[in-house]
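Single-structure report; data block below.
The values are calculated or read from the model by the stated rules, or taken from the named source; none is laboratory data. Worth saying up front: this structure is predicted, and the values here are computed from it rather than measured. Every residue, glycine among them, receives a Cβ derived from its backbone with ideal geometry; neighbour counts consider all protein chains shown.
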Amino acid sequence: MALRFGGKRATYQCDKRREQDGLHGICWSVPAAPIDCGVETHVLEALTENNLDISLAVLNELEQNAQEQDHQWQIRLERARYEANRAERQFDVVEPENRLVARTLEQRWNEKLRQLAELEQAYAQARQVQRLERVFATAPKNSALSLRPTGYLAVPDHNCTHCAKKCWDCWSSKSQSRL
């Protein structure tokens with residue numbers, strides 16, 4: 001099924017027959033306006049004030065979880081830095097005559113520095129993923145629906161001429177003028 005535009009009118013068409021044998025036209029076609037209006041009506045029914053409030057509460061909870069995760073990362077990084085600094089201090093304290101001990105402490109120090117670098121890289125990757133998740137999670141928060149006038153979100157009693165139902169285009173143009 002595909003959406004086709006012809007002049008001022010859009011239609012949904014099934015092109016399966018044409019794809020199969022290449023000779024015949026479309027299986028069927030239906031005007032898009034009534035279908036679109038019905039979909040808009042159902043979407044607006046689902047977008048109630050309570051549903052939007054629940055969505056915003058979920059977004060706030062996701063933000064808190066992200067802050068807690070970041071705090072845990074900071075603690076892990078602080079611990080890794082402490083261990084690397086401690087290994088460095090132990091290496092600095094050893095007497096040069098104790099080559100075997102110095103070599104062991106130097107290896108331990110290098111291992112701690114490697115672990116710190118890996119942890120910092122993992123943290124940077126986690127932050128990048130978290131930023132992307134925040135962008136996707138906060139997109140609805142930044143949409144025009146979050147700028148709705150408080151106290152109502154119902155579609156006004158307006159009937160579209162093309163489908164005799166409440167229509168998003170009519171509602172959104174009127175609600176935008178109210179903002």
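Structure notes:
- Verdict on Gln64 being within 36 Å of the chain's Cα centre (by Cα) and modelled with pLDDT of 85 or more: yes
- Some residue of region 85-99 being surrounded by 10 or more Cβ atoms within 10 Å (Cβ to Cβ) and of a type in the set (Gly, Ala, Ser): yes
Here is a yes/no grid of residues against (1) in contact with a helix residue (DSSP H, G or I) (Cβ under 9 Å, 6 or more places away or on another chain); (2) in the same structural domain as Tyr123 (by TED's automatic domain parsing); (3) aliphatic (A, V, I, L, M):
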{"residue": "Arg4", "(1), (2), (3)": "yes, no, no"}
{"residue": "Gln13", "(1), (2), (3)": "no, no, no"}
{"residue": "Leu59", "(1), (2), (3)": "yes, yes, yes"}
{"residue": "Trp73", "(1), (2), (3)": "yes, yes, no"}
{"residue": "Leu77", "(1), (2), (3)": "yes, yes, yes"}
{"residue": "Ala80", "(1), (2), (3)": "yes, yes, yes"}
{"residue": "Ala87", "(1), (2), (3)": "yes, yes, yes"}
{"residue": "Glu97", "(1), (2), (3)": "no, yes, no"}
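- Selection status of Glu68, in the same structural domain as Leu113 (by TED's automatic domain parsing), of a type outside the set (A, V, I, L, M) and in contact with a helix residue (DSSP H, G or I) (Cβ under 8 Å, 6 or more places away or on another chain): no
- Taken together, Cys37, Cys27 contain a single residue that is under 17 Å from Tyr12 (Cβ atoms), in contact with a helix residue (DSSP H, G or I) (Cβ under 6 Å, 6 or more places away or on another chain) and not assigned by TED's automatic domain parsing to the domain that holds Arg127, which is Cys27.
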